[in-house]
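The values are calculated or read from the model by the stated rules, or taken from the named source; none is laboratory data. Everything numeric in this text was worked out from a predicted model, so none of it was measured. Counting neighbours? That spans all protein chains shown, and the Cβs are built from the backbone with ideal geometry, glycine included. All accessible areas refer to the heavy atoms of the entire protein, side chains included, with ligands and DNA or RNA removed. Shrake-Rupley method; radii C 1.70, N 1.55, O 1.52, S 1.80 Å.
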Amino acid sequence: MLSKVCSAAVNGIEAYPVEVEVNAGWGDTLIIIVGLPDAAVKESRDRVTTALTNSGFKFPMGRTTINLAPADVKKEGPSFDLPIALGMLAASEQIETDQLDNFVVVGELALTGAVRSCKGVLPIALRAKADGKVGVLVPADNASEAAVVAGLQVIPIQNLREAAQFLEGEIKIAPTKVDLAKMFEHSPDDEADFAEVKGQENVKRALEIAAAGGHNALLIGPPGTGKSMLAKRLATILPPLTLDEALETTKIHSIVGLLAAGQALITQRPFRAPHHTASDAGLLGGNINPTPGEISLAHHGVLFLDELPEFKRSVLETMRQPLEDGRVTISRAAGTLTFPAQFMLIAAMNPTPDGKMPHESKSSPREIQNYLGRISGPLLDRIDLHIEVPAVKFREMAGEKTGESSAQIRERVIAARQRQIARFKERPKITCNARMGSKELKQFCDLDEPTKELLKFAMTDMNLSARAYDRILKVARTIADLAGAEKILGDHVSEAIQFRSLDRQMWG
């Protein structure tokens, strides 16, 4: 007898349907899996047969052929265990049901018959809804993740026998439901706060501008000045994720398997801080079967690179295209995949090899230039704000005075972002000032003649590139948004130019 079970797999960050066909025939007892299965899928026959026996079902006798269609796409991972087992039960007439066409089934089986969690459940649930399915049968640990997809019955499955009884109608399982509004309720009381940072008011102002416009920033200063402390608090002033952003971010983390058991949705902007020993594949994604890297895991959030010159130059150079395009394309012999990578790059570094400012350093000018030369000009041009982080004075450290809280700064950031959303409402792909292209710069960053002359003088005097010119305009637009100004004024441009001054002081 032939049976069919609907399942799904993930390619990139999107899911595609997989039909599990099971044919029970005569002959020697043998189980064959076809349809380009990888090692984990081939091993499922041993897991499935043992789980069937331990769940009280009969061992399948005769020749059983299992086909995973489409047959020309490689199938990976153990998530086909449950649909294969249900298909074998239906093919051997151990269960009778007409519900197999209505549900998409995924899950890994333990030898006891228990259903274990698997990766990529959210994109699979989204695909099931797009294909018009009634619902999905998923591991209980993944049920909350799938339940964020509205209009889909999400049936949490604990074990194989429970799945079989549900499909036959012997038992009823209440679909899992989640409260999306409650998920986005968040109390920042337990988070780090900008109020904890003594002094560094100029740096806080720069990070507020970076958060308001989605700009990349480079923090330069001696060790112990609070660069890492400031960077880690940046996430507390970023605007909240929208539902669409949360879904897209959660899909990426689900594919990599970074969601905790029972976690439904990522509602806080991610903050990723890879070590400087990270490889190209670790940062951008890749390996034999391409998976998202750190820059994709930081999608809609912050990627913090501490000790920037310590990263391999080849690794840093591969980031240039994602910084411009907001996505990373990985090409392998098996095919090409594109992962989203719209992140804020926040980097930190010492000004010289010994950590001191150039005029205080004992390093020779050649050693300093070699150290700074590890960061290429094209990469530096893609960083909007170059921020000097000076040593904190003793009276600021010892004083009782605290700065503004993250909540106060965040209110201004959200207000500035709302102005940008209104400005770009006809261009939904542009989410903030940092994402403006040439057309948007021309339309929304018009300058009067005195301000143009000021910018022209700065460009000539500092010998800045054309890309740096665009960055200054984008930052000036954000400063104007924070001030609630419709037009960019000379004061806004002057402040934006200050954040390129290190081009001349250090790399000039």
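Hey, any hits in region 437-446 for a residue that's touching a residue at least 12 places away in the same chain (Cβ under 8 Å), open to solvent by 50 Å² or more (accessible area, probe 1.4 Å) and within 25 Å of the chain's Cα centre (by Cα)? The answer is no, given that none of the residues of region 437-446 is touching a residue at least 12 places away in the same chain (Cβ under 8 Å), open to solvent by 50 Å² or more (accessible area, probe 1.4 Å) and within 25 Å of the chain's Cα centre (by Cα).
Restricting Ala231, Ala260, Ala264, Ala281 to residues that are within 27 Å of Arg419 (Cα to Cα) and of a type in the set (A, V, I, L, M) narrows the list to Ala231. Here Val315 passes the criteria (1) assigned to a loop (DSSP other than H, G, I, E, B); (2) free of Cβ contacts under 8 Å to residues at least 40 places away in the same chain; (3) touching a Leu at 6+ places or on another chain (Cβ under 8 Å) except the one numbered (1). Within region 324-357, the set of residues being within 19 Å of the chain's Cα centre (by Cα), under 24 Å from Ile220 (Cβ atoms) and surrounded by 21 or more Cβ atoms within 10 Å (Cβ to Cβ) comprises Phe343, Met344, Leu345, Ile346, Ala347. Select, from Ala416, Ala407, Ala468, Ala422, the only residue that is exposed (fewer than 13 other Cβ atoms within 10 Å of the Cβ), closer than 30 Å to His299 by Cβ and of a type outside the set (Asp, Glu). Of the residues listed, the single one that is exposed (fewer than 13 other Cβ atoms within 10 Å of the Cβ), closer than 30 Å to His299 by Cβ and of a type outside the set (Asp, Glu) is Ala422. It is to be established whether one or more residues within region 79-93 are of a type outside the set (D, E, K, R) and touching a Lys or Arg at 6+ places or on another chain (Cβ under 6 Å). Looking for residues that are of a type outside the set (D, E, K, R) and touching a Lys or Arg at 6+ places or on another chain (Cβ under 6 Å), one finds none in region 79-93, hence no.
The helices (runs of 4 or more DSSP H) found wholly in region 92-175 include none carrying at least 3 residues that are acidic (Asp, Glu), open to solvent by 40 Å² or more (accessible area, probe 1.4 Å) and modelled with pLDDT under 95. How about region 459-482: which of its residues are at pLDDT below 80, within 18 Å of Ala434 (Cβ to Cβ) and polar (S, T, N, Q)? Matches in region 459-482: Ser465 only.
Would you confirm whether any residue within region 52-74 is within 29 Å of the chain's Cα centre (by Cα) and part of a helix (DSSP H, G or I)? No, the conditions are met nowhere in region 52-74.
Of the candidates Ala485, Ala496, the single residue that is out of contact with any strand residue (DSSP E or B) (no Cβ under 8 Å at 6 or more places or on another chain), at pLDDT 90 or above and part of a loop (DSSP other than H, G, I, E, B) is Ala485.
Within region 75-91, the residues that satisfy the criterion of being in a loop (DSSP other than H, G, I, E, B) and either surrounded by fewer than 23 Cβ atoms within 10 Å (Cβ to Cβ) or without any contact (Cβ under 8 Å) to a residue 60 or more places away in the chain (or both) are Glu76, Gly77, Pro78.
Can you name every residue in region 5-35 that is farther than 30 Å from Leu247 by Cα and open to solvent by 40 Å² or more (accessible area, probe 1.4 Å)? If the condition is that a residue be farther than 30 Å from Leu247 by Cα and open to solvent by 40 Å² or more (accessible area, probe 1.4 Å), then Glu21, Asn23, Trp26, Gly27, Asp28, Thr29, Leu30, Ile32, Val34 are the ones that fit. Scanning region 46-61 for residues that are at pLDDT below 90 and surrounded by 15 or more Cβ atoms within 10 Å (Cβ to Cβ) yields a total of 1. When region 224-258 is limited to residues that are in a helix (DSSP H, G or I), farther than 18 Å from Ile295 by Cβ and of a type in the set (Val, Ile, Thr), the one that is least open to solvent (accessible area, probe 1.4 Å) turns out to be Ile237.
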